[in-house]
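Only one structure is covered here, and it is reproduced in the block below.
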Amino acid sequence: MSTTSAWRQQTPRDWEHYVNKQVTVTAHGQQQHRGWLHTVDPVTASVVLVQLGEAAGGCSVSVVMGHAVEQVEVVGEADEETALRLSSLFRSEAPELRGSVEDVKRRREELRGWLQQNRVPVEEVGEDLLVAGVLTVRPPYAEQDCFSSNQMVLARIQGLLARMPTPAGQPFDQPAADGQQSCDQPAADGQQSCDQPSAGF
């Protein structure tokens, strides 16, 4: 259980304890929200809840803003079937990234290396990647798996993911196929190249 002051002061590593667990969130005015906790925004501490429907794949999503959270209590653990549903809910746009545990782990390692190649700070928090302390990338680590309330950082990281070399094993410094500037080349017009530290990071 966590109260409002404690909740916003916790770190992403602390919030990982609540991910994929059934929780009751008490907000201002004693309003209660129940669902499976999908993720917590690392900047605002906002809680993303999933309510699973009866039909396979059916669900609804709600967000409780971090400043309104007064209490978060774990009330249930996911069984094997529920855990599988939760892990696959937000992956329909990237079926090519589904695969074995080894495939997903390899994708995570490649993405972490790609971000480090571009001088973006990144650390592992459970199965997630925490980028610059303000953005979370969840499995299977595609563009739509990025979550942040900082739109500038979100756009930058999604852009980097879009230019990430594929297939696995291709050198990270290969020029982008779409003709965009590769990250190891000097930027035109004297602008900062994307392998230099960004002011936002």
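Sort the following peptides by mean Cβ neighbour count (other Cβ atoms within 10 Å, averaged over residues), highest first: 144-151, 119-126.
144-151, 119-126
Which net charge results when you count Lys and Arg as +1 and Asp and Glu as -1 among the other residues whose beta-carbon is under 9 Å from that of GLY126?
Neighbourhood net charge equals -3.
Return the distance in nm (one decimal) between the two label points of a simple spin-label model at GLU123 and GLU143, each offset 7 Å from Cα along Cα→Cβ.
Reported label-point gap for GLU123 and GLU143 is 2.9 nm.
³J(HN,Hα) across the stretch 120-135 via Karplus (A = 6.51, B = -1.76, C = 1.60, θ = phi - 60°), whole Hz, x for Gly/Pro?
Values, residue by residue: 9, x, 8, 9, 8, 10, x, 8, 8, 10, 9, 10, 6, x, 10, 9 Hz.
Taking amide hydrogens as modeled 1.01 Å from N in the peptide plane, which residues meet the under 5 Å criterion relative to CYS59, leaving out close sequence neighbours?
Here the answer is GLY53, since their amide H atoms fall under 5 Å of that of CYS59.
For a quick check: with amide H placed at 1.01 Å from N, whose amide H comes under 5 Å from VAL122's, ignoring anything fewer than 5 positions away on the same chain?
Hits under the 5 Å cutoff: ALA132.
Under a Cβ-Cβ cut-off of 14 Å, what is the net charge of the residues other than HIS17 that fall near it, where Lys and Arg count +1 and Asp and Glu count -1? The partial results should precede the final answer.
On the way: positive: ARG13, LYS21; negative: ASP14, GLU16, GLU73, GLU77, GLU127, ASP128.
For residues surrounding HIS17, the net value is -4.
Can you work out the FRET efficiency for the pair SER87 and ASP14, with r the C-beta to C-beta distance and R0 = 30 Å, to the nearest 0.05?
Values: r = 21 Å, r/R0 = 0.71.
The formula returns an efficiency of 0.90 here.
Say R0 is 22 Å: what FRET efficiency, to the nearest 0.05, do GLU80 and THR24 get from their beta-carbon distance?
After rounding, the FRET efficiency stands at 0.45.
Rule-based calculations on the coordinates, nothing more; no lab input. Every value quoted in this text rests on a predicted model; they were computed, and no experiment measured them. Please note: Cβ atoms are built from the backbone with ideal geometry, for glycine as well, and neighbour counts cover all protein chains shown.
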